[in-house]
Structures are given as structure tokens and as C-alpha cells.
Amino acid sequence: MSAKPELRVRDVMVTKIVSINGLAVVSDAIALMRRHNVKSLVVNRRDENDEIGLVLVSDIARLVIAPNRSPDRVNVYEIMSKPVWTVPPDMQVRYAVRLLVRFEVSRAVVVDHDRNPIGMVTLRDLTLRE
């Protein structure tokens, strides 16, 4: 009986990355999320020494809508998470799950060797994989 090969992050990641500049306003982020039907946006690095950020629908709800701030006057960089959890595409799925669970985060950005985003994984993707 042959052993089943271990699933890797690359096997379950979503490759549709939608990104935004940190200087954009939240209303632009909302429009982008609607247009691409996504719940999160990768915030671009300013330069090669910077780290990528992430803005989620829940960030917008908690930090802009609930406190009644204007989405046209709040910049993405004010509400994004940065740095964010990143994982390599060749990481085994079981270790990616352990990492996200241990640190109580729901998603991670998949990055290549140059730290460029190439995908996204969520606990849902990792747990309900086929």
C-alpha cells in the first residue's frame, strides 16, 4: 500500500490576489472588494524592504463603519494589518493549519522566495480541502 502524498499549501491556495495601495481610501477598497467578490485585499509593499499588509471586510466594519468614520476619509494603511502571516507554497497543509490555529488567525498570504504574494489560504481552504 503506497503512502498518500502530503498536500501542500500550493495545492489548496487561491491564486486570485487582489491588491491595493495603502494610500487608497477605504471606499476604494470596498469598491474593489465588491468588483472582485473578495473578503480581503493584499496591501502592496512600498518598497522591497517593506512588508505586505492585509485589509479584511471585518477591519472595515470594525474600524470604519461601526465608529461612523467616513470611508472616503480613511486611508487603507490606517486600518490594515501589517505585517501579516505568510507561508511558503511548499509548506505541508497540516503545518499551515497548526500555524494559523496556534496564532488565532483565519488566513495567510502565500509568498514566493522573493516575498511576493502568489496566493492566499484560509483555515476554511486548508480544512475543507479535497
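The values are calculated or read from the model by the stated rules, or taken from the named source; none is laboratory data. All values derive from a computational prediction rather than experimental measurement. All Cβ positions, even for glycine, are placed from backbone atoms using ideal geometry, and neighbour counts span all protein chains on display. We work out accessible area using only protein heavy atoms, side chains counted, and drop any ligands, DNA or RNA first. Shrake-Rupley method; radii C 1.70, N 1.55, O 1.52, S 1.80 Å.
A few remarks follow.
- Close Cβ contacts (under 6 Å, 6 or more residues apart or on different chains) running from residues in region 112-130 that are among the hydrophobic types (A, V, I, L, M, F, W, C) to residues that are part of a loop (DSSP other than H, G, I, E, B) comprise ILE118/ASP112; VAL121/MET13; LEU123/SER106.
- Among (1) of a type in the set (Gly, Ala, Ser); (2) open to solvent by 30 Å² or more (accessible area, probe 1.4 Å); (3) in contact (Cβ under 8 Å) with a residue 24 or more places away in the chain - the single one SER106 does not satisfy: (3)
- Region 109-129, residues that are charged (D, E, K, R) and either farther than 23 Å from PRO5 by Cβ or open to solvent by 60 Å² or more (accessible area, probe 1.4 Å) (or both): ASP114, ARG115, ARG124, ARG129
- Residues of region 7-37 that are in a loop (DSSP other than H, G, I, E, B), farther than 11 Å from GLY119 by Cα, touching a helix residue (DSSP H, G or I) at 6+ places or on another chain (Cβ under 9 Å) and at pLDDT 95 or above: ASN21, GLY22, LEU23, ALA24.
- Test for LEU99: is it under 23 Å from VAL9 (Cβ atoms), open to solvent by less than 10 Å² (accessible area, probe 1.4 Å) and outside any loop (DSSP other than H, G, I, E, B): no
- Selection count, region 74-94, where residues are outside any strand (DSSP E or B) and either touching a Lys or Arg at 6+ places or on another chain (Cβ under 8 Å) or surrounded by 14 or more Cβ atoms within 10 Å (Cβ to Cβ) (or both): 14
- Whichever residue in region 53-68 is of a type in the set (A, V, I, L, M, F, W, C) and under 10 Å from MET80 (Cα atoms) and, among such residues, is surrounded by the most Cβ atoms within 10 Å (Cβ to Cβ): VAL55
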